[in-house]
1. Mind checking which residues of the range 1-23 are under 26 Å from R65 (Cα atoms) and either open to solvent by less than 50 Å² (accessible area, probe 1.4 Å) or under 20 Å from the mean Cα position of the chain (by Cα) (or both)?
2. Pick from G26, G32, G84, G61: which is surrounded by 10 or more Cβ atoms within 10 Å (Cβ to Cβ), assigned to a helix (DSSP H, G or I) and modelled with pLDDT under 85?
Amino acid sequence: MSFLDKAKELANQAKDKAEELAEKAGPSAAKGLDAAKSSLDKATGGKYHDKIENASHKVEGLLKRDGHGPDDKGPGEKGPGEKGPGEKGGPTEPGPKTP
């Protein structure tokens with residue numbers, strides 16, 4: 001067995017193990033997300049409830065995504081009708097606040 005064959009075999013073993021561990025961690029990550037969402041909502045007095053929910057749904061979508069569906073988008077990919085930063089109607093970052 002050549003060095004390259006051995007390296008490929010070890011890489012495949014590592015990939016399989018990572019997939020297994022990721023599946024086990026999913027429910028724990030979802031619980032942590034719910035706890036963080038509740039804490040943030042409580043700490044802000046509900047002022048940012050909609051934004052917290054929106055971010056939470058995006059993270060939940062990433063947790064549930066398996067990477068094999070036709071509608072899955074990778075990081076930075078936009079779906080139909082979505083606007084990117086800098087596009088008219090797209091998300092913008094607030095500028096620095098002046099005192």
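1. K15, A18, E19, E20, L21, A22, E23, listed by residue number.
2. Numbers: G32 fails: modelled with pLDDT under 85; G84 fails: assigned to a helix (DSSP H, G or I); G61 fails: modelled with pLDDT under 85.
On inspection, the qualifying residue turns out to be G26.
The values are calculated or read from the model by the stated rules, or taken from the named source; none is laboratory data. Since the structure is predicted, the reported quantities are computational estimates derived from the model, not experimental observations. Here Cβ is always computed from backbone atoms with ideal geometry, including for glycine, and neighbour counts include all displayed protein chains. Remember, those area values only see protein heavy atoms, side chains included, never the ligands or the DNA or RNA. Shrake-Rupley method; radii C 1.70, N 1.55, O 1.52, S 1.80 Å.
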